[in-house]
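The structure appears right after this line, and notes come after that.
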Amino acid sequence: MRNECEHSNFLQLYSSAQGGEVQLLLDSDASGPKWQSTTNTSRPINVAIILGYFNGRAFIEEQLNSIFNQSLKDHHVFVCDDQSAQPFAIDELKLDDNKLSKLSVVTNPQNLGYVNNFLNTLKAVGDKFDYYAFSDQDDIWNEDKLRKSVEALKAAPVDTPALYCARTEIVDASANRSLGFSPVFGKPPSFANALIQNIGGDDTMVFNRSARDLIINVVHDTPVISHDWWSYQMVTGAGGYVIYDPEPCLKYRPMIQQSSYWISGGRSFWV
C-alpha cells in the first residue's frame, strides 16, 4: 500500500515570478508538501537524486530503471513534477516494490521552470544525505555512474564543496543509435573557466553535502540562468573541488524537447 510521507526537512517552496529569481522560504509552522512514496524517507540515504520532471512520460520509466539498476544501490530518487499537463503517475510505472521503495514524488503548486524546480527540490530534500545528484527525465545512466562519481568525491574533505561531472554519449530518440559524444574540455576546472564556460551538464553532476549547502544558501534573490553552470561557478568560486571525467557517464537525448522545458543542444555556454 502506498502512503503519503513527509521528508523530515521538507520546506515550503516558492518561486518569484519576477525575473526568474529563485526564492526559498522556510515556513516553520507549515507541514510542507507531502511526498508520494512507498517508504519512510526520513532515514539517512547515501545519495539523493533530484529529478526535475515536466511532461516526460515517454522516457521516464527507462530513465528510472537505469537509476535503480545502478551498481551503487544506496540512493533515493525525488521526482518533482512541475505542473505537467500529463502528471507523473507512479501507478503507471512497471516498477517492482524494491524500486518503488526508492522513489518519492511531489507536484509543485505552480509551474516554476526548470532551474527553480531543480534548486527548490535540492533544498527541499534536506541535508541528511552524503551526496546529491541532478537527473533529467529522458537520459539513460551508465550502470556505474553513481559509483564512479561517489568514489571520486570521497577523496575530498567532507567539509569542502566538491562536485563531479562528466561527458555524455549523444543518442537518438530510441537510444539505439549513437550520434557522438559531448566535447572534451581540455582546460582544468577553475573559477576563471566557470565565468565563461560550463563544462558539465546537470544530468552528469554529483556533489557532496558541502556543495549542496553552498549552492542553495547563496541562491536567495539571485536570478539563476542555469543550475548546472551556477553549481560549477559556486563550487570553484568557494575554492572547492571540481572533478571532470572525460569518460561518458550516460546516454543523452538532446532533441527530446517537445512539450518540455529542457535546454537542448550543447553542454557549454558562453558569455
Cα-only Debye scattering, the range 144-189: base-10 log of I(q)/I(0) at q = 0.18 Å⁻¹: -0.74
The range 41-101 - convex hull of the alpha-carbon atoms, volume per residue in Å³: 89
Projected area of the range 75-115, taken from the Cα convex hull and averaged over every viewing direction, in nm²? 3.5
Determine, for each peptide in 235-245, 124-134, 204-214, 149-159, the mean count of other beta carbons within 10 angstrom over its residues, then list the peptides with the highest first. 204-214, 124-134, 235-245, 149-159
Quarter of Cα convex hull surface for the range 177-242, i.e. mean projection, nm²: 5.4
Sticking to Cα atoms, compute the Rg of the range 123-171 to one decimal and its Dmax as the biggest Cα-Cα distance, whole number, in Å. 12.6, 37
Could you line up 62, 247, 169 from fewest to most neighbouring Cβ atoms inside 10 Å? 247, 62, 169
One quarter of the C-alpha convex hull surface, i.e. the mean projected area of the range 92-182 in nm², amounts to 8.5
Which residues' amide hydrogens lie under 5 Å from the amide hydrogen of residue 250, considering only partners 5 or more residues apart or on another chain, with H built in the peptide plane? 142, 169
In whole percents, the bins of 10 Å from zero upward hold the Cα-Cα pairs of the range 137-246 as 14, 45, 32, 10, 0
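Each value in this text was obtained by applying a stated rule to the coordinates, not by laboratory testing. Quick caveat: nothing in here was measured; it's all calculated off a predicted structure. Cβ: placed from backbone, ideal geometry, glycine included. Neighbour counts: every protein chain shown.
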